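Each value in this text was obtained by applying a stated rule to the coordinates, not by laboratory testing. A quick note: this is a predicted structure, and the numbers were derived from the prediction, not measured. Don't worry about glycine lacking a Cβ; one is built from the backbone with ideal geometry, like all the others, and counts go over all protein chains shown.
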Amino acid sequence: MKKLSIVVLISGRGSNLKAIIDVANPLVNISAVISNRPEAAGLIYADEAGISTEVLDHKDFATRLEFDSALQECVDKYDPQLVVLAGFMRILSQGFVRHYKGRLINIHPSLLPKFKGLDTHKRAIEAGEKEHGLSVHFVTEELDAGEVILQARVPILADDTEESLAARVLQQEHKIYPEAIQLFAESGFRPDRFLKPVRSDN
Ligand code: GRF
């Protein structure tokens, strides 16, 4: 069976990238890892695994559109069937998102549609939520609003801090993101075959 070719975009720590690498899914080939920050720690995981890396520093570009167009060119060199945002901390422009429609996914640390945007753990605690979690979703033009592929729920404990909750959510991210990519690979590369959100109660 032909492997699913993916390109992973990162900006920093890269723990989700590491989880995807470590699962070593036989159906998936990580063609490249691209970072918009030269100092992104996650690049080391790619290097260690012998995966091609590219750095495209957004600071070298005058506008968002120029950066996005260079990024698109860089991603397309690898001709991936799926583009995976793993802690990629840049809003992507409409043209970029449209170009990868149906094959651009992100992981977001909340139970979407709740808590789009930043500081999700803090906001979930402050809102008095009993549970929190993460969502893997398609990226569309509206921030964190694309169709949900997989979610995992994490209870919020009475003594949780932002950090303790973030750590438990992250543990689940590392299980769910590789699983979502596997689903994509198994669906014969047709995202419409698994568009029903699945909830996992880990
Ligand atoms: C994760 O919490 C992910 O949900 C969010 O950014 C963080 C990335 O962490 N989108 P890492 O770089 O994968 O460790």
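List of remarks:
- Based on C-alpha pairs under 8 angstrom that are at least 6 apart in sequence, the range 1-100 has a relative contact order of 37 percent.
- Amide N of the range 94-117 lying under 20 Å from the label point, which is placed 7 angstrom from the Cα of H58 along Cα→Cβ: 94-101, 104-110, 116-117
- Computed log₁₀ I(q)/I(0) - Debye formula, equal Cα scatterers, no solvent, the range 80-129, q 0.12, 0.19, 0.25 Å⁻¹: -0.35, -0.73, -0.99
- Debye intensity ratio I(q)/I(0), log10, the chain, q values 0.11 Å⁻¹ (C-alpha model): -0.49
- The A167 and D76 beta-carbon pair, evaluated with R₀ = 35 Å, returns a calculated FRET efficiency of approximately 0.45.
- Candidate lysines for bridging to K175, where Cα separation is under 18 Å - those fewer than 8 sequence places away on the same chain excluded: K18
- Across the range 1-46, the convex hull enclosing all Cα atoms gives 53 Å³ per residue.
- Distance between the pseudo-spin-label points of D159 and K130 (7 Å out from Cα toward the beta carbon): 2.2 nm.
- The charge dipole of the chain, taken about its Cα centre with unit charges on the Cβ atoms of Lys, Arg (+1), Asp and Glu (-1) only, comes to about 560 debye.
- Principal-axis tilt of helix 64-76 within the chain, Cα atoms, nearest 10 degrees: 70 degrees
- Selection of GluC sites (Glu not before Pro), the range 82-145, meeting DSSP coil and at most 12 other Cβ within 10 Å: E142
- The amide H of T53, built 1.01 Å from its N in the peptide plane, has V33 as neighbours under 5 Å, considering only residues 5 or more places off or on other chains.
- Ranking of F138, F88 by count of other Cβ atoms within 10 Å, fewest first: F138, F88
- For the range 1-100, convex hull of alpha carbons as volume per residue, Å³: 86 Å³
- The chain: calculated mean residue ellipticity at 222 nm from DSSP helix runs of at least 4, using -39500 (n - 2.57): -10000 deg cm²/dmol
- Helix axis angle, 162-186 relative to the chain longest principal axis, alpha carbon, degrees: 50 degrees
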